[in-house]
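The block underneath contains the structure these notes are about, expressed in structure tokens.
Each value in this text was obtained by applying a stated rule to the coordinates, not by laboratory testing. Just so we're clear, the structure is a prediction, and the values are computed from it rather than from any experiment. Neighbour counts run over all protein chains shown; Cβ positions are idealised from the backbone, glycine included.
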Amino acid sequence: MTEKGNRDIVSIGSALAERGRRADGWLELGRRADNTPLETPVTVVNGAHDGPALWIHACAHGDEFDGTVAIWRALQLVDPSTLRGALIIFPALNISAFEARQRVSPIDGLDLNRVFPGDPTGSYTRRLAYLTEHLVKTHADYMIDLHGGGNEFSVVYYTLYHAASNEAGAASERLAKAAGSHLVWASNDEWLRNGLFTRVTEAGIGAMLVECGGEGRLHEANVHAHERSLVNMMRHLGMIDGEPDAAPDGAFLMMKSADFFHCAMGGVVTPLVQLGDTVEQGQPLVQIRDLFGNEVEVVTAPVGPAILLAIKTYGTTNGGAPVGILGMKQ
Ligand SMILES: [Zn+2]
């Protein structure tokens with residue numbers, strides 16, 4: 001792969017860093033109702049030495065901020081004077097959704113990770129998608145997209161990549177396995193065709209997601225998992241010193257696909273299984289009770305054997321809403 005990190009100046013938005021420097025700045029995504037700029041923060045670190053350009057962002061979904069804190073911590077371990085390559089980092093990419101403390105932007109209600117390649121003349125989320133894909137393809141050799149369960153779900157620590165047949169697909173697999181989790185989802189799922197990681201991998205950029213955390217709060221273990229992933233991947237790419245502290249080769253539990261499962265009834269939610277459990281088809285996963293306390297549904301696993309990757313932790317639900325994610329073993 002070409003290395004885009006070997007540049008005298010790395011510049012995104014108002015962040016401009018010469019060799020051996022870090023710069024913080026802002027990138028304009030649009031305008032608020034009062035016509036002031038709607039800007040997202042961006043950090044660029046231009047290493048003194050040659051190496052790849054690594055793009056990292058958190059909060060593509062605005063309520064998934066475990067990765068934001070992990071980014072701050074990982075950056076403390078990066079010395080621009082010894083870094084090999086460049087980092088381009090957005091700690092809260094989808095800033096409109098972040099400000100609203102929710103998964104999607106209140107401006108248009110669209111899910112950023114489902115609308116790529118976006119549209120430069122479309123609504124806010126489509127514009128953000130277009131700009132993000134353009135910038136990643138222009139500036140990055142590798143991309144890491146940090147996610148979690150947001151306000152309503154808890155997500156076990158796993159990594160996800162697009163199992164493309166090109167060289168970038170192989171690079172993505174190596175990244176996903178170097179991150180540190182033993183749970184790895186090698187996706188060819190049709191419903192993720194319009195995800196950024198799928199599209200940039202097809203375009204020759206190694207890409208992956210780290211998933212961990214949620215429940216609308218910061219848990220130290222979840223932040224640490226994201227931080228460990230970032231450090232491991234910078235080591236894997238040779239950008240900083242040290243060996244990745246990854247799961248041993250034989251220890252990976254590979255998944256070939258995953259998807260949400262849903263409840264039919266509305267009410268109070270009680271999970272019946274633990275995150276990371278292996279469940280059989282038909283196994284009870286979630287109990288739903290109506291407001292008189294009667295059990296109105298037991299949601300069972302539609303597939304199996306499968307790994308419980310996410311479960312609804314917010315205590316109530318509408319009927320027909322997602323209540324978890326199951327990953328099918330390879
Ligand atoms: Zn997400």
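Here the 3J(HN,Hα) profile of the range 177-185, calculated from phi with Karplus coefficients 6.51, -1.76 and 1.60 at θ = phi - 60°, is 7, 7, 5, x, 7, 8, 9, 10, 9 Hz, Gly and Pro shown as x.
Among Leu146, Leu237, Leu175, the largest mean-square fluctuation in a Gaussian network model of the chain, built with springs joining Cα atoms closer than 10 Å, belongs to Leu237. With q set to 0.19, 0.25, 0.31 Å⁻¹, the log10 of I(q)/I(0) for the range 251-292, from the Debye formula over equal scatterers at the Cα positions, is -0.74, -1.07, -1.29.
Under 5 Å between amide hydrogens, built in the peptide plane, is the criterion, and for Val303 it picks out Gly282 among residues at least 5 positions away or on other chains. For the peptides 289-297, 19-27, the ranking by mean Cβ contacts within 10 Å, running from highest to lowest, is 19-27, 289-297. Summarising the overall dimensions of the chain from its C-alpha atoms, the Rg and Dmax are 19.8, 66 angstrom.
Out of all DSSP beta bridges in the chain, what portion is antiparallel? Express it as a percent rounded to 5.
Values: 52 of 76 bridges.
Taking every DSSP beta bridge within the chain, about 70 percent pair in antiparallel fashion.
The relative contact order of the chain comes to 15 percent, based on Cα pairs under 8 Å that sit 6 or more residues apart.
If both residues of a DSSP beta bridge must be in the range 137-274, then about 30% of such bridges are antiparallel. Taking all Cα pairs closer than 8 Å and separated by 6 or more residues, the relative contact order of the range 150-209 comes to 44 percent. Between amide H atoms placed 1.01 Å from N, distances below 5 Å from Ala258 occur with Met328, all of them 5 or more places distant or on a separate chain.
Of the residues Arg101, Arg31, Arg126, the one that moves most in a GNM of the chain with alpha-carbon contacts below 10 Å is Arg31. Which shape class, rounded, prolate or oblate, goes with the range 220-330 when its Cα gyration tensor gives a ≥ b ≥ c as root eigenvalues, a/c under 1.5 marks rounded, and past that a/b bigger than b/c marks prolate? Taking the square roots of the gyration eigenvalues as a ≥ b ≥ c, the range 220-330 is prolate. Considering only alpha-carbon pairs that sit under 8 angstrom and 6 or more positions apart, the relative contact order computed for the range 256-329 is 43 percent. Cα centroids of the range 208-277 and the range 9-57: 27 Å apart.
The amide H of Cys263, built 1.01 Å from its N in the peptide plane, has Gly320, Ala321, Val323 as neighbours under 5 Å, considering only residues 5 or more places off or on other chains.
The angle between the Cα long axis of helix 220-236 and the main principal axis of the chain comes to about 40°, on a 0 to 90 degree scale. Rounded to the nearest 10 degrees, the inclination of helix 66-76 to the longest alpha-carbon principal axis of the chain is 30 degrees.
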